[in-house]
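*Asks:* Dumping the structure here so I can ask a few things about it.
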Amino acid sequence: MSSRRQFLTAAATVLGAGALSACNKKEETASVAASAQEKITWKMVTSWPANFPGLGTGAIRIADYINQLSGGRLTVKVFAAGELVGALEVFDAVSAGTAQLGHSGAYYWKGKSRAAQFFSSVPFGLTAQEMNAWLFYGDGMKLWEETYQPFGLIPGAGGNSGTQMGGWFNKEINSVADFKGLKMRMPGLGGEVIQRLGAIPVNLPGGEIFTALQSGAIDATEWVGPYNDQAFGLHKAAKNYYAPGWHEPGTTMECMMNEKAYNALPADLQAIVKAAIRLVNHDMLAEYTARNQLALHELETQHGVKAKSFPDDVLRELKKLSDAVLDEEAAKDPLSQKVWASQKVFRDSVAPWTAIAEGAIINARKL
Ligand code: CA
């Protein structure tokens, strides 16, 4: 050993710095190879109950893909809401590095940054397809990164529920007057919109909706769509099921990362993490599409539910009020203004294509 070192020293002296640097390079390569084999464990906190269908199982799927694609070099342990931190503490936990990943919905973080709510879904906003187009082939992702950067977070689109349902009502909705005095569980900007029709928006966590609707504490509720709504038994508490979910036309879930933890990963693991999140972003939409239609069929054939559409003049009024609420909300700070302006321009420019493509084929199938 010592004679080898003596030889290297002598060789370096004879051959000059070139040989020495080649030798150092070899050692460097060996240490990179060693760190590439290092096993890393990450935590993912979520806003969902354990194994919650669609949202929770989607988060678990991201972790599974990371574990498999990395050959076990990066293991992600998933925590349901309340196991490590509460449902609405996900943002802070990932920002602080308590967990490296967080699966949630950006509209929960309005209190951190108002602009965040534009990255989940807004009334009469983008569909799932259009949202992905804006995020990945428009300015969406760049603006989301700008919004989360001050918190040491890197955002990721980590799933989409597709178009939600307009909700369950204990009476028919035939005109805007039917919203007057209606106590409806509808959080966020949608709640703000129905308030302008005289409704009383109520914010309740998912687990409390059924009891509130059945006891008459609320007259109506929105939740997600047939798959998740049926699981909560909402059809047992109200029979009038309305479409469309004008308030959530295509809700993006998020999988955010702690920036420092992400930057510390080797490049191949960084690529795996991003790929797994993106994969589930698309996979969740496929799952919801498949399961929603099965659940709707069951609700209609076995539980006497008849899905109805809101009358056109109700939707027209809701849209008018939504545009006003969104413009007012965005005007409250410059970043929100910038994000909403970008999304609004994208929505209005993609709408003719969506109508001529998917809209037209959907109409044609009814002929
Ligand atoms: Ca909803």
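*Asks:* When only Cα pairs under 8 Å and 6 or more residues apart are kept, what is the percent relative contact order across the chain?
*Replies:* It rounds to 21 percent for the chain.
*Asks:* Along its three principal axes, how long is the chain when you only count alpha carbons? Whole Å, largest extent first please.
*Replies:* Computed over the Cα atoms, the extents are 94, 42, 39 Å.
*Asks:* Could you give the dipole magnitude of the chain about its Cα centre, charging the beta-carbon of Lys and Arg +1 and that of Asp and Glu -1, in debye to the nearest 20?
*Replies:* The dipole of the chain has a size of about 640 debye.
*Asks:* Using a 10 angstrom cutoff on alpha carbons, build the Gaussian network for the chain and name the most mobile of Thr251, Thr301, Thr221.
*Replies:* Of Thr251, Thr301, Thr221, the most mobile in the Gaussian network model is Thr301.
*Asks:* Cβ under 15 Å from Asp229's Cβ, Asp229 left aside: what net charge do those residues give with Lys, Arg +1 and Asp, Glu -1?
*Replies:* +1
*Asks:* Moving on to the next point. Output the 0 to 90 degree angle, nearest 10, between the alpha-carbon long axis of helix 2-15 and the longest principal axis computed from the alpha carbons of the chain.
*Replies:* Relative to the chain, helix 2-15 is tipped by roughly 90 degrees.
*Asks:* I would also like to ask the following. Counting only protein heavy atoms, what percent of the accessible surface of the stretch 90-147 is carbon or sulfur at a 1.4 Å probe?
*Replies:* 45 percent
*Asks:* When the expected Rg is taken as 2.2 N^0.38 Å, what fraction or multiple of it is the alpha-carbon Rg of the stretch 177-257?
*Replies:* 1.11
*Asks:* Next question. Principal axis extents for the stretch 45-113, Cα atoms only, whole Å, descending order, please.
*Replies:* Sorted from largest, the Cα extents of the stretch 45-113 read 38, 27, 20 Å.
*Asks:* Now for a separate question. If you filter the stretch 149-245 for trypsin sites (Lys or Arg not before Pro), then keep DSSP loop positions with at most 11 other Cβ within 10 Å, what is left?
*Replies:* Lys180
*Asks:* When the chain is treated as a GNM, springs tying every alpha-carbon pair under 10 Å, which of Thr163, Thr98, Thr46 comes out with the largest mean-square fluctuation?
*Replies:* Residue with maximal mean-square fluctuation among Thr163, Thr98, Thr46: Thr98.
*Asks:* What percent do you get for the relative contact order of the stretch 88-208 when only Cα pairs under 8 Å and 6+ apart count?
*Replies:* Relative contact order, the stretch 88-208: 16 percent.
*Asks:* A further question follows. Any chance you could give the angle, 0 to 90 degrees and rounded to 10, that helix 55-69 forms with the longest Cα principal axis of the chain?
*Replies:* 20 degrees
*Asks:* Amide H to amide H, which residues 5 or more places from Trp42 or on other chains are under 5 Å from it, using H placed in the peptide plane?
*Replies:* Excluding prolines and chain starts, which carry no amide H, the hits are Thr75, Val76, Lys77.
*Asks:* In Å², and per residue, what accessible area does the stretch 175-328 have when probed at 1.4 Å with the other protein chains present?
*Replies:* Averaged over the residues of the stretch 175-328, the accessible area is 43 Å².
*Asks:* Can you flag which of Lys43/Lys110; Lys180/Lys332; Lys180/Lys236; Lys39/Lys274 are past 20 Å Cα-Cα?
*Replies:* Those over the limit are Lys43/Lys110; Lys180/Lys332; Lys180/Lys236.
*Asks:* A further question on this structure: Using a probe of 1.4 angstrom, how much of the accessible area of the stretch 232-367 is carbon and sulfur, in percent?
*Replies:* 60 percent
*Asks:* So what is the calculated 222 nm ellipticity per residue for the chain, using -39500 (n - 2.57) for each DSSP H run with n of 4 or more, over all residues, to the nearest 500 deg cm²/dmol?
*Replies:* -15500 deg cm²/dmol
The values are calculated or read from the model by the stated rules, or taken from the named source; none is laboratory data. Note that the structure is a prediction, hence the values are computed from the model and not measured. Cβ sites come from the backbone with ideal geometry, for glycine too, and all protein chains shown count toward neighbours. Ligands, DNA and RNA are stripped out before the accessible areas are found, and what is left, the full protein with its side chains, is counted by its heavy atoms. Shrake-Rupley method; radii C 1.70, N 1.55, O 1.52, S 1.80 Å.
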